[in-house]
Amino acid sequence: MNSAGQLAALLSRELPGQVHEHVRLADVSRWRIGGPAAVFVEPTSSKAAARVMAIMAERPEPLFLMGDASNTLFDDAGFSGVIMRIGRNLSSYRITSNSIWAQAGIWVPRLASAAGDAGLSGIEHTIGIPGTLGGLIVMNGGSQRKGIGLNVKEVLCADEAGHMFRLDREACGFAYRTSSLQSRRVAILEATLELEHGQRRSIRRELLGILRERRGKFPQKLPNCGSTFLSDPEMYKHIGPPGRAIEEAGLKGLRKGGACISALHANFIINEGGATSDDVLGLIALIRNEVFQRTGYLMNCEVRHLSPEGRLRPAHEAAIERWPEPPLRIADS
Ligand SMILES: Cc1cc2nc3c(=O)[nH]c(=O)nc-3n(C[C@H](O)[C@H](O)[C@H](O)COP(=O)(O)OP(=O)(O)OC[C@H]3O[C@@H](n4cnc5c(N)ncnc54)[C@H](O)[C@@H]3O)c2cc1C
């Protein structure tokens, strides 16, 4: 048995039925990009997820925690270690008075909708974000200039040794589209959110309005990872958001292999079919360079690239490493 087989067998003994080998990451990621993961685990309880953390702490192979991979670019070469998906197997929630307790794998639009149905207001802005609560907390995701951190009361995590502990909002270090959880090797298992009582009807109206606006603004049909680049407040003041800067650089519709800069919203890179991670990274390098030449601002990525060896970093850093000289602007199809 090879080492991936041994690792899968070891994990399977403790998590029967929850471990798979050679899972194509293109099949489980939003961008539909990525080669095979050696081992893929989907724990069915917080305890099992914590156990995976403890087992992997003793192993040389890398571990990556994923929700829905709606902010993650997997590599065409795949992943040499274990991917633990905290998703629908861990998606219970409970509403009490003005707070919601939920497991980290819950689908964010479902949670926003459930809060609205209970007459609780505060997370309407997350209704159109296609990810899990765990991923949203790590990224401090949100829209309308808000982040989920505003509503987080407490997060239950497991550390590398598999010990569970709680963090309050302050300890999560939330800032614009980031949190201190990004630099800690922890699994988010559960969270409690604090909301405000509101009018069910007006919350519903707000949710529908946000969804309608997003449908008109963002590409819906083809695989993508949402906004590729982060908005920089200085650049916003002088030039505008990344989408505008990319559009004004004349890059809308530009293709590299199967990847294309969306004609609807220039900060989205869509997979038109068969896009590779190199196609996406190539477009990222090119966009960054062209926008810099025109505006003097270097944009950084919100989307993060996972290398086959387990290095997770903003995708522009992987793009720069791959193309120290920016690629030529060729509209290859
Ligand atoms: C069409 C579209 C629209 C989008 N719109 C928005 C938007 O309006 N606002 C916005 O903020 N984002 C948006 N995004 C980006 C993305 O949906 C969010 O960042 C989302 O919160 C990521 O959740 P995820 O579960 O997919 O995370 P993943 O991509 O799976 O993971 C993101 C990060 O969180 C970590 N992680 C995930 N789960 C856990 C866990 N349980 N424990 C520890 N670490 C974990 C991963 O290791 C990774 O570092 C959009 C994406 C798409 C495809």
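For the reader, a short list of remarks on this structure follows.
- Relative protection proxy for 268-275, 121-128, 215-222, from highest mean packing down: 121-128, 268-275, 215-222 (other beta-carbon atoms within 10 angstrom).
- For residue 263, distant residues with modelled amide H under 5 Å away: 253
- The 3J(HN,Hα) values that the Karplus relation (6.51, -1.76, 1.60; θ = phi - 60°) gives for segment 154-161 are, in residue order, 7, 10, 9, 10, 10, 8, 4, 7 Hz. Gly and Pro appear as x.
- Net +/- balance of residues flanking residue 80 in space, Cβ distance below 9 Å, scoring K and R +1, D and E -1: -2
- Whichever lysines have a C-alpha closer than 30 Å to that of residue 47, once near sequence neighbours (fewer than 8 apart) are set aside: 153
- Phi to ³J(HN,Hα) by Karplus 6.51 cos²θ - 1.76 cosθ + 1.60 over segment 230-235, Hz, x for Gly, Pro: 7, 7, 9, x, 5, 5
- Within the straight-line cut-off of under 28 Å between alpha carbons, the lysines reachable from residue 256 are 217, 221, sequence neighbours fewer than 8 places apart in one chain being disregarded.
- Max mean-square fluctuation residue, GNM over the chain, Cα-Cα springs under 10 Å, options 276, 228, 96: 96
- Karplus 3J(HN,Hα) series, Hz, for segment 92-109 with 6.51 cos²θ - 1.76 cosθ + 1.60 (x for Gly, Pro): 7, 8, 8, 10, 10, 6, 10, 10, 10, 9, 8, 6, 5, x, 5, 6, 4, x
- Cα-based shape type of segment 98-153, given that a ≥ b ≥ c are square roots of the gyration tensor eigenvalues and the cut on a/c is 1.5: rounded
- The alpha carbon gyration tensor of segment 72-123 gives principal lengths a ≥ b ≥ c with a/c of 1.5 or higher and a/b greater than b/c, which makes the shape prolate.
- Relative contact order (%) - criterion: Cα under 8 Å, at least six apart; region: the chain: 16 percent
- Contact order relative to length of segment 3-85, as percent, for alpha carbon pairs under 8 angstrom and 6 or more apart: 34 percent
- Taking the chain as a Gaussian network of alpha-carbon nodes connected by springs under 10 Å, the highest mean-square fluctuation of the residues 34, 253, 226 belongs to 253.
- A Cβ-based charge dipole, computed about the Cα centre of the chain with Lys and Arg at +1 and Asp and Glu at -1, lands at about 980 debye.
- Annotation: peptides 161-172, 64-75, 49-60, ranked by per-residue average of other Cβ atoms within 10 Å with the highest first, follow the order 64-75, 49-60, 161-172.
- GNM flexibility winner over the chain from 102, 187, 249 (Cα, springs under 10 Å): 249
- Over the chain, the Kirkwood radius and the radius of gyration, each from Cα atoms, give a ratio Rg/Rh of 0.97.
- Long-range HN-HN contacts of residue 79 with modeled amide H, under 5 Å: 37, 38
Readers should treat all values here as calculations from the given coordinates under stated rules, not as data from a laboratory. Note that the structure is a prediction, hence the values are computed from the model and not measured. Note that each Cβ is placed from the backbone with ideal geometry, even for glycine, and that neighbours are counted across all protein chains shown.
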